[in-house]
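First comes the structure, then the notes that go with it.
The values are calculated or read from the model by the stated rules, or taken from the named source; none is laboratory data. Quick caveat: nothing in here was measured; it's all calculated off a predicted structure. So basically every Cβ, Gly included, is an ideal-geometry build from the backbone, and we count neighbours across all protein chains shown. Surface accessibility is based on the protein's heavy atoms, side chains included, excluding ligands, DNA and RNA. Shrake-Rupley method; radii C 1.70, N 1.55, O 1.52, S 1.80 Å.
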Amino acid sequence: MLYLDNAATTPVRREALEAMWPYLTGEFGNPSSVHTVGERAASALADARARVAAVLGVRASEVVFTSGGTEADNFAIKGIALGAPRGRHLVTTAIEHEAVLQSVEYLTRLHGFEVSYVPLTADGTVTPDALASVLRDDTTLVSVMYANNEIGTIQDIPALAAIAQEHGVPFHSDAVQAAGWLDLSVPTLGVDALSLSGHKIGAPKGIGVAAIRGRLPIEPLIHGGGQERGRRSGTENVAFAVAFATALELAEGERADATARVAILRTSFLERVSALVPGAIVTGHPSRRLPGHASFCFPGTSGEAVLLELERRGVISSSGSACAAGRSEPSHVLTALGLPAELAQTAVRFTFSADITAEELEAVANAVAASVFSLSNIRR
Ligand code: PLP
C-alpha cells in the first residue's frame, strides 16, 4: 500500500514516540506541581518550548502549545482580534482552512466584525496589490495561509506581511501544510502569528503551536488555571509537546534535502499524469506549490470514485480536502477559484512523504491512468 495522503496526516515518527514515552510513564508529573516530579515535567516542557522557538526564530515565551492546528488558528485569530485595540475589520482569503474561515465567521456573527476576502488569481495566489486593495484604517488582522492544503499553492508571505506591516495591521499565517517543506522563520516571514500542527510532521494528533509575537495583546480562548502564561489554561500535554519539538526539529533538519529531491519528483509526476490522462487538469500553481503536493481534476469522473479505484490498486489518495473528507460537497477552495462544481467534484490530491521514490511515483501515475480510464470513456 502506498500512502499518498500526508497532507491529511502522517504516522508518528519513532524518534518522536521515543522522546515522549518517558513523559507518559516514569516522568508523568504535572508541570505546575512544586515538587521534583512536577519540576522535571516543567523542565521538559520548557525545553520543548525552547526547541520549537529556536526553529521558528521567536522567543520561547511566544510559543503557545495548543491541541492542534485548528485550535492554533482559532486562538491566533480570535485572540488577536478580540485582544486588539483597533478596528473591527478582518481580512482573509476564501481558500483558507475551515479553522480560519469558521473563526472569522464566528467573529462576524457574535462580535460585530466585518470581513473582506482578498481576490485571488486562478492558481490561488494572493498578490500584494490585491491585499493592499482590501486593507482599511480599521483592519484588525490579516490571515493568509502559507501553503494551501488542497492545491498546494504557496503564498509569498514575506511580501504580504510587509504590506500589512506598512498599514500597521497584525498578520497571521496558517503554516500547517508548510512545516517540513518551507522556511518557518517568523522573522524572515515577517508575520506576527503562525499556526502549526503536530500530526502533519510526524508528531501525534492533538498537539499544535501558535507562535504569537509578544507585543500583541491577546485574549485567551480557554480560561482556568493560567497555564501557558495565562494564554491557554489547562494542564499542559508535556509528552506531546516533547514529541512536537522532536518532530519539528527533525523535519527542519531534513527540509533542504527533502524539498530539493521531492520537488523534482513531483514535477515529473504532474507531467506524467498529464501525459497519461488526456484532459487531466493540474489544480493550483504549476511551480509555486508545495514540493510534496500534486492535485488534479479528472473531467468525466468523480474524485471519490477515482480514490476508490486507486485504493483497489494499492494507492491511498484524497478527493478534495482532507479535513472535509466524508462530505460530498465540492471543495470550497476549488469553487472559490472559479471551477464549476461538477469539475471540482472530480478533484484528487496526492501528498507525498519526504522519502517517496521515482519508482513509486511512476507506479502511482500508471495506477491513476488505469483508474481514470476504468471510470470514464476516455481512451488514448
Ligand atoms: N490548517 C490547515 C491548512 C490544515 O491542512 C489543517 C488540517 O488538515 C488544519 C489547519 C487543522 O489542523 P489540525 O488537524 O491539527 O486541527
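Worth pointing out:
- If only the Cβ of Lys and Arg carry +1 and only the Cβ of Asp and Glu carry -1, the dipole of region 276-368 around its Cα centre is close to 260 debye.
- Rg(Cα) / (2.2 N^0.38 Å) computed for region 136-194, rounded to two decimals: 1.09
- Overall, the accessible surface of the chain at a probe of 1.4 angstrom is composed of carbon and sulfur to the extent of 54 percent.
- Heavy atoms of residue 167: accessible area, 1.4 Å probe, square angstrom to 10: 80 Å²
- Rounded if a/c under 1.5, otherwise prolate or oblate - the chain, Cα gyration tensor axes: oblate
- Three-way shape label, region 7-64, alpha-carbon gyration tensor, a/c 1.5: oblate
- Rounded to the nearest 500, the helix-only mean residue ellipticity at 222 nm of the chain stands at -13000 deg cm²/dmol, with each DSSP H run of n ≥ 4 adding -39,500 (n - 2.57).
- Dipole check for region 14-250: with +1 at the C-beta of Lys and Arg, -1 at the C-beta of Asp and Glu, and the Cα centre as origin, the magnitude is about 580 Debye.
- Axis of helix 358-375 versus longest Cα principal axis of the chain: the two differ by about 60°, to the nearest ten degrees.
- Principal-axis tilt of helix 157-166 within the chain, Cα atoms, nearest 10 degrees: 50 degrees
- Using C-alpha pairs under 8 Å with a sequence gap of at least 6, the mean separation divided by the residue count of the chain gives a relative contact order of 22 percent.
- Accessible area (Å², 1.4 Å probe, nearest 10) - residue 355: 120 Å²
- The chain, accessible area per residue, ligands and nucleic acids excluded (1.4 Å, Å²): 40 Å²
- Relative to the dominant Cα principal axis of the chain, helix 98-111 is inclined by about 50°.
- Taking the average, over residues, of other Cβ atoms within 10 Å as the packing measure, peptides 143-153, 36-46 rank 143-153, 36-46 from highest down.
- Alpha-carbon Rg/Rh ratio, for region 72-141, with Rh computed the Kirkwood way: 0.96
- The chain: antiparallel DSSP beta bridges as a percent of all, rounded to 5: 55 percent
- The Cα atoms of region 255-375 define a convex hull whose projected area, averaged across directions, is 7.1 nm².
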